[in-house]
Amino acid sequence: MQLSEIEKRNYLIGFLLIIFMVASATFLNDLEIILPEIGALTAGTWIYQNGGWINQPSKIFFAPSGTAIIGFLINQLAISYAQKVLLGLILMLLLLKVLKSNLAPSFATGLLPIIINATHWSFIVAILLFTLILTCGVFLQGNYKQADPSAAIKKHHMALFSVMAIIWVGGVWFFGFSQMAAIPPVMVVFFEVLQKPSYSWQMGSKHFVALVGAASIGFLVHSVIASWLLATVIALPLVFLLLQLLKIKLPAAFAFPLLALVLPAKMFAMLPITAALAALFFLGSVVAIKNISN
């Protein structure tokens, strides 16, 4: 896909914001400042200017911040990892319904504190700061004025999302792989495509390749390069090239290189496999459901 001068500028500014976040985490030696879904939010709101994400700029701040607080508080509970993930997803879904927001990356910001076992308030401060920066960026660009209003979350979509999440979390817990319960970028894409009127095998296949490819890029780059900052600088352009080859725009893919930096060692070692299984389950289910319903 050919990029206009404005698109090139937006990519540059967006990547610089993500690199600034990782550089800040490196300088402060605080892993909890690295927020993978800020990568997806930056791509969706600043670079791609996704109409469904930017039509209500204030919710770019309130929805991810609200779910992050939910996830942070749930992480303090004395329950199993799988239970935390499931409870978090349901409460996040309810919050989005109350806020009348379809901002899918909110699930990822809510799951992250559970995945990395966030305990410091620097995590919440970082979420508030970077979502505020993105909100201001959307206001400055002004394209939200032309964006069509996003449709409200429908009850049957909420029900399907909850059922599929319960099946997935229950399944991985039953087989002894509870660490696979939460793969935020896949959940984000699942939530988005679930609400589309149709979803073809071809598009599902492209999304699968993009997600697994981005996860593999994050895994391989960070396996070779320990530096958070250098790994980010190398991985982001590679994900960009992957999406260009596939000719799709998928903001969630940009979260994987950052997710690879913050995952616990056991989860990091299984990242490509987990991404592949989760994408196959969730995206394959949506394709099947849409084809049957149509």
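Every number here is computed from the coordinates shown, using simple stated rules; none is lab data. Bear in mind the structure is a predicted one, so any value in this text is a computation, not a measurement. FYI the Cβ positions are ideal-geometry reconstructions off the backbone, even for glycines, and counts take in every protein chain you see.
Only Cα pairs under 8 Å and at least 6 apart count here; give the relative contact order of the range 5-293 as a rounded whole percent.
Numbers: 418 pairs, mean separation 72.0, N = 289.
This gives 25 percent for the range 5-293.
Exposure proxy ranking for ASP30, ASP148, based on other Cβ atoms within 10 angstrom of each Cβ and starting from the fewest, stands as ASP148, ASP30. Each of the peptides 243-252, 209-218 was scored by the mean count of other Cβ atoms within 10 Å over its residues; in descending order, highest first, they stand as 209-218, 243-252.
Over 32 Å apart at the Cα level, from the set LYS196/LYS266; LYS84/LYS155; LYS155/LYS206; LYS8/LYS206, are LYS196/LYS266. Between GLN141 and SER24, the C-beta separation translates, for a Förster distance of 25 Å, into a calculated FRET efficiency of about 0.60.
Once whole DSSP H runs in the chain are found, which of them have Cα atoms spread over 30 Å or more along the helix axis and a mean Kyte-Doolittle score of at least 0.5?
On the way: long enough: 5-28 (34 Å, 1.22); 201-224 (34 Å, 0.98); 271-293 (32 Å, 1.74).
Those that clear 30 Å and a mean of 0.5 are 5-28, 201-224, 271-293.
Note on the chain: GNM, Cα springs under 10 Å; of GLN76, GLN179, GLN146, the largest mean-square fluctuation is that of GLN146. Using the alpha-carbon positions of the chain, Rg (one decimal) and Dmax (whole number) come out as 17.4, 52 Å.
Computed about the Cα centre, the dipole magnitude for the range 5-293 is approximately 620 debye when only Lys and Arg (+1) and Asp and Glu (-1) carry charge, each at its Cβ. Evaluated at q = 0.16 Å⁻¹, a Debye calculation over the C-alpha positions of the range 152-294 (equal weights, vacuum) places log10 I(q)/I(0) at -0.84. Would the range 223-294 count as rounded, prolate or oblate if I go by the C-alpha gyration tensor, calling it rounded below 1.5 in a/c and otherwise prolate when a/b exceeds b/c, oblate otherwise? It comes out oblate by the Cα gyration axes.
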